[in-house]
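The values are calculated or read from the model by the stated rules, or taken from the named source; none is laboratory data. Note that the structure is predicted; figures quoted are calculated from it, not measured. Neighbour counts are summed over all protein chains in view; Cβ atoms, including those assigned to glycine, are modelled from backbone coordinates with ideal geometry.
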Amino acid sequence: MADEDKQEAKTEGARRQGHCLCGAVKVSIGGDQTHVGACHCSMCRRWSGGPLMAIDCGTDVAFEGEDSIAVFDSSPWAERGFCTKCGSNLFYRIKQGQSYIMLAGLFDDIDGFSFDSQVFIDEKPDYYAFSNKTKDMTAAQVFEYYASSH
Ligand SMILES: [Zn+2]
Ligand SMILES: [Zn+2]
C-alpha cells in the first residue's frame, strides 16, 4: 500500500478518515465499516489499557505515513501496529490474509458507528462492564468460529 497508488476501488460512501495522536500516521477505511467490537483478552487490555475497541475492516485499509508505523509480532497469528512518534495503537492485523482490525478511536467521523459485539467476554475483568446490547463470544467460541470460517 504505497501512498499514491493506494486502491480507490471501493466507492460506496465516502471513506472514513482517521489519524494517530500526533498525526504522523493517517488511515482511511471503507465508509461502510461501522461495526465496533470490543476485545477483553488480557493481551488487548495490556496493549491498550482497557478493552480494545476496534473495527474489522478486512483489507480495505489505506495508510499515509507508513514510515512511522512499527509492528509488534504479538502471536503466531497476528501482529499489532502503532505509531513510533506518539505511541498511538493503530491496528491488530491477522497475518493470514493481512486483514486489519482498526482501533475505533482513530476516527473522527464516527457517524453510524455501532458497538455490537464483544469477544473474550470470559476474560473480562469484573471492574467494568458495558451496558450495550451486544453479541458476546467466549475465547473458546472465538477460536471455534475462526477455525471453522477461516
Ligand atoms: Zn503518531
Ligand atoms: Zn484481544
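Here are the numbers for this structure:
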| quantity | calculated |
| --- | --- |
| Within region 112-130, tally of residues that are in a strand (DSSP E or B), within 16 Å of ligand 2 (Cβ to nearest atom) and either out of contact with any Phe, Trp or Tyr (no Cβ under 9 Å at 6 or more places or on another chain) or not polar (S, T, N, Q) (or both) | 3 |
| Residue selected from region 89-108 under the condition among the polar types (S, T, N, Q) and either in a strand (DSSP E or B) or surrounded by 20 or more Cβ atoms within 10 Å (Cβ to Cβ) (or both), by the criterion modelled with the highest pLDDT | Asn89 |
| Those residues of region 96-122 which are in contact with a Ser or Thr (Cβ under 8 Å, 6 or more places away or on another chain) and small (Gly, Ala, Ser), in sequence order | Gly97, Ser99, Gly112, Ser114, Ser117 |
| Count of region 36-59 residues which are away from ligand 2 (no atom under 13 Å from the Cβ), assigned to a strand (DSSP E or B) and surrounded by fewer than 17 Cβ atoms within 10 Å (Cβ to Cβ) | 1 |
| In region 60-88, residue surrounded by the most Cβ atoms within 10 Å (Cβ to Cβ) [restricted to those that are of a type in the set (Val, Ile, Thr) and within 15 Å of ligand 1 (Cβ to nearest atom)] | Ile69 |
| Among the residues listed as Gln17, Gln96, the single one being under 25 Å from Ala147 (Cα atoms) and either more than 16 Å from ligand 1 (Cβ to nearest atom) or over 11 Å from the mean Cα position of the chain (by Cα) (or both) | Gln96 |
